[in-house]
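Structure first, then comments.
The values are calculated or read from the model by the stated rules, or taken from the named source; none is laboratory data. Computed from a predicted model, the values in this text were never measured in an experiment. Cβ placement follows ideal geometry from the backbone for every residue including glycine, while neighbour counts extend to all protein chains displayed.
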Amino acid sequence: MAKYATKLEKVERSMFMGRGQLHRYEGLSAVGQLVGDIGGLTELTSLILSGCSFRGNIPPELGNLKELSFLALNTNNLTGEIPPSLGYLSNLYWLDLAENQLTGSLPISSLTQSGLDKLKHAKHFRLDRNNLEGEVPSNLNNLTRLGELNLGHNNLSGALPDLNGMNALTYVDLSNNSFQESSPPTWFSTLPSLGTLMLKNNNLNDTLSMDSSISDQLQLVDLQSNEIRNVTLSSEYKNTLELHGNPVCDAALESSTYCQLQQRNSNAYSTSLAACNGKSCHSDQKLSPRKCNCAYPYEGILYFRAPSFRILSNADQWHSLESSLWTKLGLSPGSVSLQDPFFNIDDYLEVSLQLFPSKGKHFSRTEVQMMGFFLSNQTYKPPDEFGPYYFIASPYLFSDGRGGGLGVGGVIGISIGCTLLILILITLVVYAVQQKKRAEKAISLSKPFDSGGAPQLKGARWFSYDELKKSTSNFSEINQIGSGGYGKVYRGVIPGGQMVAIKRAQQGSMQGGLEFKTEIELLSRVHHKNLVGLVGFCFEQGEQMLVYEFMPNGTLRESLSAMQCVEEAAADRPTMSDVVKTLETMLMSDGLHTNSTSASSSATEFGSVQGAPNHPYHEGGLKTDDNHTFDYSGGYNITTKIEPK
């Protein structure tokens, strides 16, 4: 693959974020690591970073790209294991991680993680030419939409996988692994669409059976370098079977074509120039098959990685490729020339491609860029039997005599463009991270009780911020009826006409979500004729508010201090001791202990359920008698009880 890596230095990179795509174009290679921040680009639908010399691990954050349908990270230097999080890409139909240095086993879902078996919509799995090991999981055959499965050239072990039921398969390559010894599988004869089966060098032994049930679609069965000793072959099978390197070729089939090294490029197709009657061109021009005129074609090599055929002399297949090229690239019929197809050492089908201009001798720069874009980024789709491909273009000589190679200006321009693209990517990632943080903050404000669940209330209800803002005329001063160290209290009228007192905490005095929840729950359970009841609360938009019943006759402090008239007659008016005893009884009836402060008797006294290390009655805290009743000392550390007068 060294030649391929060298040619990739001419590969440009381009981003198409408007269409949710990130992929390479023609001109530069990238060196570095894929970082987890790419998982923030959640709108991506295609991620094509093939042949970019990336190293390091595949980021697990790629599993966040839930819209992704096309993922190609092939032909890099990626290491480590395949992250199980890729199993979350439920829309993925194309997965290509081939030609890296990946290790570990194939990730399969469990109770604690996802796995590749969750990719139910996948049609292409290319994991070949890595260092993967372990067994191929049996539930891989649940992927019934899979058309291409390539696990070749790894270190996989265990039993050869059973692919029964995977009726959409057209191409299977399990060659060059370390599977345990077994007979050749029979499942391939039941797959109606299978065109190519590659099982070379896999410890297969005993007898190969290919009876009349074999599908007509099966073009190639490659079983070279195994231990097969017997073959049962139907006379109806007329396509390619390769058995070279098996014991059967030393005996019964020694002279058969099945045991000969295949000369796949013999009689291979090339676009005919017979109509040109031997006409020739100058060395820098080529003969167009369309008009037999000399011109400067746009040239390159097409590499088909998994064609479903092996016979290269079938003219109909090549005519189909030619016509699809000139049609989809906007060229005139007959403007395509295909030459010298052959299978290289990596078993890829190489084809020399020449595209001729419809008018004149040269293409314009715009035309060359457009064709390069269509072919380099696989916008052009060949006929199905040719499978996936990549394209390496040759430099083009334009009409001004300047080649399509990169001069100093071109290198500078591409460097600037690449830098800008990297900056755009970084900006997008930073923006995505900021948006995520804002969303998390908004969720925490709108759902403050998520960590501890919603409060369990008795009779109280939740109010929105807008409701309380409206009920107090936007918290106007005219509706302010008191204040404390914790904030201010407003008078308001809630829907239904009820008058309420609204305690609004000020910034710097608010509690955490769990503490506020605890206070709400406690206050909603406290009910007494001499204590204002909790009507509800508000906890959103960064606000903490408690809504109480409205008491029109002022505060407890004002009444006890004779600052305001009390309705009861003098004989019925409670003494200070009566008030304290009543509060103590209330505390005990609600199960509070001596380290709890008293519930607020006024809507302006805040912090009613916060734990207090020092009880407000005296420094030593409340004392209890032998009956565990509260003892009020009135500020003096004495044991004598103070009785009401």
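Across region 125-143, what is the number of residues that are assigned to a loop (DSSP other than H, G, I, E, B) and buried (at least 20 other Cβ atoms within 10 Å of the Cβ)?
So the first thing to find is which residues in region 125-143 are assigned to a loop (DSSP other than H, G, I, E, B), and the list is 127-132, 136-137, 143.
In the following step, the residues that additionally are buried (at least 20 other Cβ atoms within 10 Å of the Cβ) were identified as 127-130, 132, 136, 143.
Within region 125-143, residues that are assigned to a loop (DSSP other than H, G, I, E, B) and buried (at least 20 other Cβ atoms within 10 Å of the Cβ) number 7.
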Q.
If I filter region 329-342 down to residues being under 17 Å from LEU273 (Cβ atoms) and not small (Gly, Ala, Ser), which single residue comes out as surrounded by the fewest Cβ atoms within 10 Å (Cβ to Cβ)?
A. PRO333
Q.
Could you list, ordered by first residue, the pairs with Cβ atoms under 8 Å in which the first is in region 136-154 and outside the structural domain of MET198 (by TED's automatic domain parsing) and more than 24 Å from PHE386 (Cα to Cα) and the second is assigned to a loop (DSSP other than H, G, I, E, B) and among the β-branched types (Val, Ile, Thr), at least 6 apart or interchain?
A. none
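Within region 318-357, track down each residue that is in contact (Cβ under 8 Å) with a residue 60 or more places away in the chain and assigned to a loop (DSSP other than H, G, I, E, B). Let's see the steps before the verdict.
First, the residues of region 318-357 that are in contact (Cβ under 8 Å) with a residue 60 or more places away in the chain: 320-321, 336-343, 346-347, 354, 356-357.
Those that are in contact (Cβ under 8 Å) with a residue 60 or more places away in the chain and assigned to a loop (DSSP other than H, G, I, E, B): ASP346, ASP347, PHE356, PRO357.
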Q: Run THR257 past the list (1) touching a strand residue (DSSP E or B) at 6+ places or on another chain (Cβ under 6 Å); (2) of a type in the set (Val, Ile, Thr); (3) over 25 Å from GLU148 (Cβ atoms) and report the number of the one that doesn't hold.
A: (1)
(Q) Anything in region 291-328 that is in contact with a Phe, Trp or Tyr (Cβ under 6 Å, 6 or more places away or on another chain), among the basic types (Lys, Arg) and surrounded by 18 or more Cβ atoms within 10 Å (Cβ to Cβ)? List them, or say none. (A) ARG305
Q: Mind listing whichever residues of region 370-379 are touching a residue at least 24 places away in the same chain (Cβ under 8 Å) and under 26 Å from the mean Cα position of the chain (by Cα)?
A: SER376, ASN377, GLN378
(Q) Condition (residue is touching a Leu at 6+ places or on another chain (Cβ under 8 Å), within 17 Å of ASN76 (Cβ to Cβ), assigned by TED's automatic domain parsing to the domain that holds LEU197 and crowded, with 22+ Cβ neighbours inside 10 Å) applied to region 103-124: is it met by at least one residue? (A) no
**Q.** Of all residues making up region 294-317, the number that are assigned to a loop (DSSP other than H, G, I, E, B) and either modelled with pLDDT of 90 or more or closer than 18 Å to SER394 by Cβ (or both)
**A.** 2
Q | Condition broken by SER444, with the remaining ones in (1) farther than 22 Å from ASN553 by Cα; (2) among the hydroxyl-bearing types (Ser, Thr, Tyr); (3) modelled with pLDDT of 85 or more satisfied | A | (3)
Q: Looking only at region 339-349, count how many residues are modelled with pLDDT of 90 or more and within 40 Å of the chain's Cα centre (by Cα).
A: 3
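How do the strands (runs of 3 or more DSSP E) wholly within region 47-95 filter down when requiring 2 or more residues that are within 23 Å of ALA432 (Cβ to Cβ), of a type outside the set (D, E, K, R) and assigned by TED's automatic domain parsing to the domain that holds LEU34: which remain?
Working: elements: 54-57, 70-72, 77-79.
Where strands (runs of 3 or more DSSP E) fall fully within region 47-95 and carry at least 2 residues being within 23 Å of ALA432 (Cβ to Cβ), of a type outside the set (D, E, K, R) and assigned by TED's automatic domain parsing to the domain that holds LEU34, they are 54-57, 70-72.
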Q) In this structure, is SER283 buried (at least 18 other Cβ atoms within 10 Å of the Cβ), among the polar types (S, T, N, Q) and not in a helix (DSSP H, G or I)? A) no
Q. Pick from region 261-276 the residues that are among the polar types (S, T, N, Q) and at pLDDT 85 or above: which of them is surrounded by the most Cβ atoms within 10 Å (Cβ to Cβ)?
A. THR271
Q. For region 102-137, how many residues are more than 21 Å from the chain's Cα centre (by Cα) and of a type in the set (A, V, I, L, M)?
A. 2
(Q) All but one of (1) within 39 Å of the chain's Cα centre (by Cα); (2) under 22 Å from ASP347 (Cα atoms); (3) not charged (D, E, K, R) hold for PRO192; state the number of the condition that does not hold. (A) (2)
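Within region 461-468, is there a residue that is buried (at least 20 other Cβ atoms within 10 Å of the Cβ), of a type in the set (Phe, Trp, Tyr), in contact with a strand residue (DSSP E or B) (Cβ under 6 Å, 6 or more places away or on another chain) and over 26 Å from VAL579 (Cα atoms)? Step through it out loud before you land on a result.
In the first step, residues of region 461-468 are kept if they are buried (at least 20 other Cβ atoms within 10 Å of the Cβ); the result is 463, 468.
Those left that are additionally of a type in the set (Phe, Trp, Tyr): 463.
Checking the rest, the ones that are also in contact with a strand residue (DSSP E or B) (Cβ under 6 Å, 6 or more places away or on another chain) come to 463.
Keeping just the survivors that are over 26 Å from VAL579 (Cα atoms) gives 463.
Scanning region 461-468 turns up at least one residue that is buried (at least 20 other Cβ atoms within 10 Å of the Cβ), of a type in the set (Phe, Trp, Tyr), in contact with a strand residue (DSSP E or B) (Cβ under 6 Å, 6 or more places away or on another chain) and over 26 Å from VAL579 (Cα atoms).
Considering only region 274-285, I want to know if a residue exists there that is in contact (Cβ under 8 Å) with a residue 60 or more places away in the chain and within 48 Å of the chain's Cα centre (by Cα). Full working, then the answer.
Pass one, region 274-285, residues in contact (Cβ under 8 Å) with a residue 60 or more places away in the chain: 284-285.
Then keep just the ones that are within 48 Å of the chain's Cα centre (by Cα); that gives none.
Within region 274-285, none of the residues are in contact (Cβ under 8 Å) with a residue 60 or more places away in the chain and within 48 Å of the chain's Cα centre (by Cα).
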Q) Any chance region 253-260 includes a residue that's modelled with pLDDT of 85 or more, surrounded by 13 or more Cβ atoms within 10 Å (Cβ to Cβ) and among the aromatic types (Phe, Trp, Tyr)? A) yes
(Q) Can you go through LEU233, LEU208, LEU197, LEU220 and tell me which one is surrounded by 22 or more Cβ atoms within 10 Å (Cβ to Cβ) and farther than 22 Å from ASN130 by Cβ? (A) LEU208
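Matching residues to (1) at pLDDT 85 or above; (2) among the basic types (Lys, Arg); (3) surrounded by 19 or more Cβ atoms within 10 Å (Cβ to Cβ); (4) under 19 Å from GLU467 (Cβ atoms):
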residue	(1), (2), (3), (4)
ALA501	yes, no, yes, yes
GLY512	no, no, no, no
GLU515	no, no, no, no
ILE520	no, no, yes, yes
HIS528	no, no, no, no
GLN541	no, no, no, yes
MET551	no, no, no, no
**Q.** Scan of region 144-159 for residues that are among the hydrophobic types (A, V, I, L, M, F, W, C) and buried (at least 22 other Cβ atoms within 10 Å of the Cβ), ordered by number
**A.** LEU146, LEU149, LEU151, LEU156
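Quick check on my filter: what residues within region 225-240 are more than 21 Å from GLU148 (Cβ to Cβ) and either in contact with a strand residue (DSSP E or B) (Cβ under 7 Å, 6 or more places away or on another chain) or of a type in the set (A, V, I, L, M, F, W, C) (or both)? I'd like the intermediate steps shown before the answer.
Residues of region 225-240 more than 21 Å from GLU148 (Cβ to Cβ): 225-238.
The answer is ASN226, GLU227, ILE228, ARG229, ASN230, VAL231, THR232, LEU233, SER234, TYR237.
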Q. Taking the condition assigned by TED's automatic domain parsing to the domain that holds LEU160 and within 19 Å of LEU160 (Cβ to Cβ), does LEU191 pass?
A. yes
